[in-house]
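The values are calculated or read from the model by the stated rules, or taken from the named source; none is laboratory data. What you see is a predicted model, and the numbers here were worked out from it, not measured in a lab. Here Cβ is always computed from backbone atoms with ideal geometry, including for glycine, and neighbour counts include all displayed protein chains. Heads up: the accessible areas ignore ligands, DNA and RNA and are worked out on the full protein's heavy atoms, side chains in. Shrake-Rupley method; radii C 1.70, N 1.55, O 1.52, S 1.80 Å.
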Amino acid sequence: SDEESQEELVYESKNELMDHEHSDEESQEEMVDEAKNGLMENKHALNEESQEDFEVQATDERPVRKSKDNSIDERLWNVLCDIVEGLAYCRKEQPYFHRSIYRHAQALLWAPILYNSKGALEGSRGIIPVQKGSQLPGLNSGNCAECAGPVISTLFSKKRAQLCAVWVTTPVSPTPFEVINSSGRKYNRLRCKYIGAFIECMRLCEKSDQLKTFLKSCNASSRDLPSFYDVTVSKSERLPPRLHSKDNLLHPNVGVVFFAKKYANSTLSLILLDLLSKNGNENKRAVANKIFDGMYKCFLRLNCPVTNNLWLSQKSRQLFENGLIAEADA
């Protein structure tokens, strides 16, 4: 009897243990389900809050571009707006980031073609609608070339010895890439690129006054080393015979200053020729006299009188016959 009672007690204890195990498993499953539900609710709440914060931030910083049009031109325009906004933001972080200025002006000149690739007949002088133009920093209601002019002009806003706002800074322990960037040849090529872009943009805007101011800055700057070496060797003298402001612009020469003077003077002549062709009947004589006076000054800046033998050379004759000497055509 004792053995039977012990077996019954063991059996009952086993049943009780099994019941406890089942109840513990059910309670654990209920706790896991509750935790999962809580996590899902918190995740939805966080997603809603982050979406609200993003919408508020987007409305504060820039206009949200929502369009049902999924065409290639529309997507290109959205990409252009994002790029220009990034370039403008770069100058907020680093005001002397000159590459962003060059690319910003270039993007504004490309805006009419990217807005309407098939109907952009006026090129960079095209006009963007106000609704689209407000999305692009630096673009107003005028034509795109006139909007790009003030952007690129910030590199030439002041009178500087190097002509444009570009400097070379070499750290104490430069990397190989920084050593290449600090070379004189690359620095001069970079200045020539910015000067050429500025002159071409002024031609599109027909800003002759800014080109005249730029020519004064060129004449006031000192002669650069390539030009100094070229003049010294060609004349077989130790020192150049005169200031570079009196150099013959038709004579082959090198240097950034010589390139800037020749390019700006030729572009100024082309602007005057365009103005002469657009001159109407009203006050035609007075305007024409003013234009011809400017053309004659451009010719005098060549520092090459008509008695110079360069005009008799075969190369100069070919350039003159092909209309490649704008000052002579003017």
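A Cβ distance below 6 Å, combined with a sequence gap of six or more or placement on separate chains, defines the contacts here; from the stretch 68-96, residues that are within 16 Å of L139 (Cβ to Cβ) and among the small types (G, A, S) reach residues that are open to solvent by less than 80 Å² (accessible area, probe 1.4 Å) and in a loop (DSSP other than H, G, I, E, B) in the pairs A88/P137.
Looking only at the stretch 290-330, which residues are of a type in the set (G, A, S) and over 35 Å from the mean Cα position of the chain (by Cα)? Lay out the reasoning, then the answer.
Step one: of the stretch 290-330, the residues of a type in the set (G, A, S) are 294, 313, 316, 323, 326, 328, 330.
Result: S313, S316.
The requirement of being of a type in the set (G, A, S), farther than 18 Å from R99 by Cβ and not in a helix (DSSP H, G or I) is fulfilled somewhere in the stretch 214-225, by at least one residue.
Of Y187, Y194, Y102, all but one fail to be within 30 Å of F258 (Cβ to Cβ), without any contact (Cβ under 8 Å) to a residue 24 or more places away in the chain and touching a helix residue (DSSP H, G or I) at 6+ places or on another chain (Cβ under 9 Å); the exception is Y187. When I180 is tested against (1) open to solvent by 80 Å² or more (accessible area, probe 1.4 Å); (2) part of a loop (DSSP other than H, G, I, E, B), just one condition goes unmet, and that condition is (2).
Evaluate the stretch 215-225: report whether one residue or more is of a type in the set (A, V, I, L, M, F, W, C), touching a helix residue (DSSP H, G or I) at 6+ places or on another chain (Cβ under 6 Å) and modelled with pLDDT of 80 or more. Can you show your working first?
Let us first name the residues in the stretch 215-225 that are of a type in the set (A, V, I, L, M, F, W, C), namely 215, 218, 220, 225.
Among the residues that remain, those that are also touching a helix residue (DSSP H, G or I) at 6+ places or on another chain (Cβ under 6 Å) are: 215, 218.
Subsequent filtering for residues that are modelled with pLDDT of 80 or more retains 215, 218.
Yes; the residues of the stretch 215-225 include at least one that is of a type in the set (A, V, I, L, M, F, W, C), touching a helix residue (DSSP H, G or I) at 6+ places or on another chain (Cβ under 6 Å) and modelled with pLDDT of 80 or more.
Return yes or no: is R160 at pLDDT below 85, among the charged types (D, E, K, R), closer than 24 Å to E85 by Cβ and open to solvent by 40 Å² or more (accessible area, probe 1.4 Å)? Considered against the rule, which asks whether it is at pLDDT below 85, among the charged types (D, E, K, R), closer than 24 Å to E85 by Cβ and open to solvent by 40 Å² or more (accessible area, probe 1.4 Å), R160 comes out as no.
Only residues that are closer than 18 Å to T213 by Cβ and polar (S, T, N, Q) were counted across the stretch 137-161, and they come to 3. Does R185 satisfy the criteria of being outside any helix (DSSP H, G or I) and of a type in the set (K, R)? Against the criterion (outside any helix (DSSP H, G or I) and of a type in the set (K, R)), R185 does not qualify. Can you name the number of the only condition in (1) farther than 26 Å from F214 by Cβ; (2) crowded, with 17+ Cβ neighbours inside 10 Å; (3) in contact (Cβ under 8 Å) with a residue 60 or more places away in the chain that S134 fails? It fails just one condition, (2).
Which of the residues spanning the stretch 92-124 are part of a helix (DSSP H, G or I) and open to solvent by 60 Å² or more (accessible area, probe 1.4 Å)? Even if it seems obvious, please write down each step before you answer.
So the first thing to find is which residues in the stretch 92-124 are part of a helix (DSSP H, G or I), and the list is 92-93, 98-115, 123-124.
Hits for the stretch 92-124 are K92, E93, R99, R103, W110, I113, Y115.
What helices (runs of 4 or more DSSP H), lying completely within the stretch 247-324, carry at least 1 residues that are modelled with pLDDT of 90 or more, crowded, with 18+ Cβ neighbours inside 10 Å and of a type in the set (A, V, I, L, M, F, W, C)? So that I can check it myself, show each step before the final result.
Details: elements: 256-278, 284-301, 314-321.
In the stretch 247-324, the matching helices (runs of 4 or more DSSP H) lie at 256-278, 284-301.
Only one of the numbered conditions (1) farther than 23 Å from I195 by Cα; (2) of a type outside the set (A, V, I, L, M); (3) touching a residue at least 40 places away in the same chain (Cβ under 8 Å) is not met by P112, and that is (3).
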